[in-house]
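All remarks here apply to the structure that follows.
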Amino acid sequence: MSGASDPRYACRLAEELAPDVLERFLRYVRIDTQAELDATTYPSSQGQLDLSRLLADELRTLGLADVELTEHGYVLATLPGTVAGARTVALFAHVDTAPDAPGADVRPHVHERWDGAPITLPGDPAQVLDSAALPELADCVGHDLVTSDGTTLLGADDKAGVAEIMAAVAHLVADDGPRAPARIVFTVDEEVGAGTAHLDLEHVAADVGYTLDGSGRGELEVETFSAYAVKVTIRGVVVHPGSAKGRMVSAVRLAADLVASLPRDRLAPEVTEGREGFVHPTRIAGQVAEAAVWFLVRDHDEARLQEHLATLTALVDELREQEPRARVDVRVERQYTNMRHVLDRHPEVVDAAVEAIRRVGLEPRFELIRGGTDGARLSERGLPTPNLFTGGRLYHSVREWASVQDMAAAAATVVELLRLWGVRTG
Ligand SMILES: [Zn+2]
């Protein structure tokens, strides 16, 4: 029923797109685009601009007329539609890779028609991909798999998404069947939480959006956490330790007390999953005079998020009571909001994604994101933007891998989405 001559592909279109997706992917992952934490520039690293420039050139070569590389490193372009009155669909992927594992000198390896035996990554024999421990891998026996050599991340997050959008656009420019106009948007610094910081949505000028930044085959993500970042600053009283009795107030001890007062058997990332939220101390720094603790507060549900925040602030109040001579300040910053609230008001956006995934021969799987995504921020700013699968897995690690067949299915999903929005007018 798939219509593909090679049954490993979800459909004929995926089979057709696969060589182009793979060729682009192998090229893009070799460019070091690793984002940097605490950088003072935007984008945070120059390598991101190298890939952005390349993509802008490739889009021009494909014949797209209004290709732009903005001063912040975003690439924007329009694939014209063929149907009057169709809504404009924005397609997003990010060019940067995560700072969590080495990202320079990526040497991709293609394991063709993988036979199911454990894969020892050639650059580091300690890195083994074993399907006994990885159910999603077991599901890809026979596929062509792409890994790094085990010393770096692969960068499927999110160069799989970039390659899939590019391959879909390359396919559609040569096709005059009905389709909606698309705005192609490649962003930078997503992995350091700033992917859309300088993105002008009026300039994107789309009605609906999709990020290609998910993972396993058929995955469709419509829910993220809602999120606060909290910084607690504690100021103590410094006295020479030799004569400190009854007078010193150590901010170091109070910071440690605060962290120790958090529950450990619940409300921590180490012991939660699914829809359970958490209060997560991510960083602690300081001296006797002043110390600070940084927290992430997360939940999918707004009311429970507020409860978690109240739990933390109550612990801070107890600390103040325990040591009134210390000065304790709390800074709370709202980071992002579960995009489900916005998507629920625009069911047609998710419906189209479901339909497109089915058209390529897959069954959509709704997954919860235990984190954020650019789509959450875009949705909040008025552009409803769910997240689609890309076929990459084990993101942010040296064992990251991707299936060529699943990447091709993701590219085919993009093509089908634009076709679908081309027939849904109004
Ligand atoms: Zn990503």
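Quick check: from the Cα gyration tensor, does the range 351-426 come out rounded (a/c under 1.5), prolate or oblate?
Note, shape of the range 351-426 comes out oblate.
Size of the range 88-183 along its principal axes in angstrom, Cα-based, largest extent first?
Extents along the principal axes, in whole Å: 49, 31, 20.
DSSP loop (so not H, G, I, E, B), at most 12 other Cβ within 10 Å: list which GluC sites (Glu not before Pro) in the range 225-279 pass both filters.
Listed in order of number, the matching sites are Glu273.
Using the alpha-carbon atoms, what tilt in degrees (0 to 90, nearest 10) does helix 302-322 show relative to the longest principal axis of the chain?
Helix 302-322 and the main axis of the chain meet at about 20 degrees.
Could you list which residues have their amide H under 5 Å from that of Arg365, counting only those 5 or more apart in sequence or on another chain, with H placed in the peptide plane?
Glu219, Leu220
Would you mind working out the magnitude of the charge dipole of the chain relative to its Cα centre, with +1 at each Lys and Arg C-beta and -1 at each Asp and Glu C-beta, to the nearest 20 Debye?
Dipole about the Cα centre, nearest 20: 1060 debye.
Roughly what angle does helix 404-423 make with the longest principal axis of the chain, taking Cα atoms, 0 to 90 degrees, to the nearest 10?
Between the helix axis and the principal axis of the chain, the angle is about 80 degrees.
When only Cα pairs under 8 Å and 6 or more residues apart are kept, what is the percent relative contact order across the chain?
The value is 25 percent.
Using only Cα atoms, find the angle between the long axis of helix 12-29 and the longest principal axis of the chain, and express it within 0 to 90 degrees, rounded to the nearest 10.
Helix 12-29 and the main axis of the chain meet at about 50 degrees.
Take the Cα atoms of the range 97-241, build their convex hull, and give its volume per residue in Å³.
Each residue corresponds to 249 Å³ of Cα convex hull volume.
Build a GNM of the chain with springs between Cα atoms under 10 Å: which of Pro384, Pro118, Pro99 gets the top mean-square fluctuation?
Its mean-square fluctuation being the largest, the pick is Pro118.
Send over the semi-axes of the chain's equivalent ellipsoid, whole angstrom and largest first, taken as the square roots of 5 times the C-alpha gyration tensor eigenvalues.
Over the Cα atoms of the chain, the semi-axes work out to 42, 24, 20 Å.
Do any chymotrypsin sites (Phe, Trp or Tyr not before Pro) in the range 183-280 lie in a loop, going by DSSP, with at most 16 other beta-carbon atoms within 10 Å of their beta carbon, and if so which?
Answer by residue number: there is no such site.
DSSP loop (so not H, G, I, E, B), at most 13 other Cβ within 10 Å: list which trypsin sites (Lys or Arg not before Pro) in the range 45-144 pass both filters.
Answer by residue number: Arg113.
Please work out the FRET efficiency for the pair Glu270 and Asp139, using the Cβ-Cβ distance as r and a Förster radius of 25 Å; give the result to the nearest 0.05.
Efficiency, from the Cβ-Cβ distance: 0.35.
Choose one answer from Gly73, Gly361, Gly193: the residue with the largest mean-square fluctuation in a GNM of the chain with alpha-carbon springs under 10 Å.
Maximum among the listed residues: Gly193.
Quick one: what are the phi-derived ³J(HN,Hα) couplings along the range 67-74, Karplus 6.51/-1.76/1.60 with θ = phi - 60°, whole Hz, x for glycine and proline?
Working through the residues one at a time gives 5, 10, 10, 7, 4, 8, x, 6 Hz.
Bear in mind these aren't lab numbers, they're just calculated from the coordinates by the rules spelled out. In this text the structure is predicted, and so the values were computed from the model without any measurement. Backbone-built Cβ (ideal geometry, glycine too); neighbour counts: all protein chains shown.
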